[in-house]
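Take a look at the structure set out below.
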Amino acid sequence: MEASAAPMARRLMPEDTFTENFNNVVWQKATYLCYEVELPDGDYRVPPGQDKDFLHNQGGHMAGPPRHAEMRFLDLISSWNLDQDLCYRVTCFISWSPCAVCAQRLAEFLRENSHVSLRIFASRIYTKGENGDYREGLRTLQEAGAQIAIMTSKEFEHCWKTFVDNQGRTFQAWDELDAESRYWSMELQRILQPTAPPSLPPLYFPPSHPVPGPSFHSLRGSSG
């Protein structure tokens, strides 16, 4: 009896790539997206090794037209032709929250694919609004059924263990990680609950965080 083939080694992200792009104190232009798909019993549509992976935006220096990481992920998941009689749970960990256009496309996908649920954990909120109101985009995405939250040390550590070629090293939180997570969580709450009572605590800017101003909205650049 022939032995079954050994499973293919899963691709992992270099440590420096993870730290440089997911560090919520550093403002990188690129967007990295790590994802996990919980496969239901009986599924055979998702190719081996593709249920857990990562990708990034396609910039102008790469072959093909520029494309945001979220759109590349939608291209991928659409290519699987998931079984509509089964339920799939997708979790994304993304270095920047979706821009207005990507949020709208993700919302459309969820409305058209009720067998897919989506959770998004973002390291930071993308605030540039050249393609529409990012706040309205996030609200639209939430209304379509997506669960949206800010990454905390728990999610950063999970990504480190799951997607990073960490060589057996434990996750080391960077300075101000928790303060930045709290700041972005408060900001996300203000976006998703615009009618929240005025008794909420005032917006807090940790020492390392730039106060939003004219230059604040251009920090991410044109890539998503």
- line: Counted residues in segment 103-130 being surrounded by 15 or more Cβ atoms within 10 Å (Cβ to Cβ), part of a loop (DSSP other than H, G, I, E, B) and free of Cβ contacts under 8 Å to residues at least 40 places away in the same chain come to 1
message: assigned to a loop (DSSP other than H, G, I, E, B), modelled with pLDDT under 95 and open to solvent by less than 10 Å² (accessible area, probe 1.4 Å): is that true of Tyr204 in this structure?
response: no
task: Provide a single number: the residues in segment 85-102 that are open to solvent by less than 10 Å² (accessible area, probe 1.4 Å) and over 18 Å from Gln50 (Cβ atoms).
output: 6
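Hey, does segment 43-65 have a residue that's assigned to a loop (DSSP other than H, G, I, E, B), of a type in the set (Ser, Thr, Tyr) and within 26 Å of Thr140 (Cα to Cα)? Explain how you work it out, then say what you get.
Taking segment 43-65 as the starting set, the residues that turn out to be assigned to a loop (DSSP other than H, G, I, E, B) are 43-51, 57, 59-65.
Going one step further and asking which of them are of a type in the set (Ser, Thr, Tyr), we end up with 44.
Narrowing further to those that are within 26 Å of Thr140 (Cα to Cα): none.
No, every residue in segment 43-65 fails to be assigned to a loop (DSSP other than H, G, I, E, B), of a type in the set (Ser, Thr, Tyr) and within 26 Å of Thr140 (Cα to Cα).
The values are calculated or read from the model by the stated rules, or taken from the named source; none is laboratory data. Because the structure is a prediction, the values reported are computed rather than measured. Here the Cβ is made from the backbone with ideal geometry for all residues, glycine too, and neighbour counts use every protein chain on show. All accessible areas refer to the heavy atoms of the entire protein, side chains included, with ligands and DNA or RNA removed. Shrake-Rupley method; radii C 1.70, N 1.55, O 1.52, S 1.80 Å.
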